[in-house]
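Worksheet for the structure shown next.
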Amino acid sequence: MWIYRKLLERFGPRDWWPADSPFEVMTGAILTQNTAWRNVEKAIANLKALGLGTPEAVLAADPDRLAEALRPSGYYTVKARRLRALCSFVLKIGAGGLDPEALRLPMEELRQRLLTVDGVGPETADSIVLYAASKPSFVVDAYTRRILSRHSLVAGDEPYGEIRALFMDCLPADVPLYNEFHALIVAVGHTLCRPKAPRCGECPLGRDPGLSAELREAMAG
């Protein structure tokens with residue numbers, strides 16, 4: 001919570017995930033793989049312009065037309081296939097539309113079933129569970145590993161589930177908290193804690209890599 005408060009104080013509320021519907025969040029979770037969010041926004045705008053904003057519409061669309069719409073997001077033929085797989089999963093569970101019935105499954109069941117879908121790994125599954133289904137499953141990404149390892153809280157090469165458990169064991173199971181915390185991690189990772197030439201002097205968690213004295217004191221307390 002000390003880390004959360006420091007990041008919130010520095011960056012303010014992030015209002016993440018930007019979307020008009022739960023299904024748009026699911027779509028974005030697939031499209032954001034290996035690309036910047038601005039490219040995802042362009043691809044989603046293309047889908048909306050073509051009327052491909054529901055699982056039913058995506059599956060009914062010509063595959064080549066769908067792939068072309070996703071071109072701005074990169075790896076567009078792969079992402080078209082993955083998006084169709086996600087839509088098929090949604091419709092196997094029940095009604096699709098803007099607020100798919102699948103999102104009402106219990107959290108762990110939803111997460112485990114998502115992990116069976118082509119192209120859905122733990123980070124994508126947790127993004128869908130948290131941001132689309134509004135269930136408390138913490139999202140771990142490359143920023144999370146980098147920030148925690150630079151502040152000596154993890155080695156950085158732990159399995160995804162171990163780092164996820166670190167957050168979920170230490171925090172209350174609270175959707176708004178998980179939502180904001182992950183968004184704040186993205187903010188500091190994108191702007192300050194860069195892979196090369198990190199701006200440590202501006203970091204709200206401490207000026208030097210490693211466990212800052214203030215963070216060490218907070219952990220001891």
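Things to note:
- At least 20 Å along the helix axis (C-alpha) and Kyte average at least -1.0, DSSP helices within the chain: 76-93, 175-191
- Volume per residue that the Cα convex hull of the stretch 93-133 spans, once the total is divided by residue count, Å³: 68 Å³
- Most mobile listed residue (72, 198, 136) in the chain, GNM with C-alpha springs under 10 Å: 198
- Phi to ³J(HN,Hα) by Karplus 6.51 cos²θ - 1.76 cosθ + 1.60 over the stretch 13-18, Hz, x for Gly, Pro: x, 9, 6, 10, 10, x
- Two-decimal Rg to Rh for the stretch 83-199 - Kirkwood Rh, Cα set: 1.01
- Pairs of Lys residues in the chain that lie 8 or more places apart, or on two chains, and have C-alpha atoms under 23 angstrom apart add up to 5.
- GNM on the chain, alpha-carbon springs under 10 angstrom: the most fluctuating residue among 144, 191, 32 is 191.
- This model, with +1 at the C-beta of Lys and Arg and -1 at the C-beta of Asp and Glu, gives the chain a dipole about its Cα centre of some 580 debye.
- Across 155, 19, 85, mean-square fluctuation computed from a Gaussian network of the chain (C-alpha pairs under 10 Å connected) peaks at 155.
- The orientation-averaged projection of the convex hull spanning the C-alpha atoms of the stretch 1-63 amounts to 5.7 square nanometres.
- On the principal axes of its alpha-carbon atoms, the stretch 1-105 has extents of 48, 31, 21 Å, going from largest to smallest.
- In the stretch 133-183, the chymotrypsin sites (Phe, Trp or Tyr not before Pro) that fall in loop regions by DSSP, at most 13 other Cβ within 10 Å: none
- Debye intensity ratio I(q)/I(0), log10, the chain, q values 0.08, 0.15, 0.16 Å⁻¹ (C-alpha model): -0.31, -0.98, -1.08
Every number in this text was worked out from the coordinates using simple rules, so none of it is lab data. Nothing here was measured: the structure is a model prediction, and the numbers come from that model. No Cβ is skipped: glycine too gets one built from the backbone with ideal geometry, and neighbour counts run over all protein chains shown.
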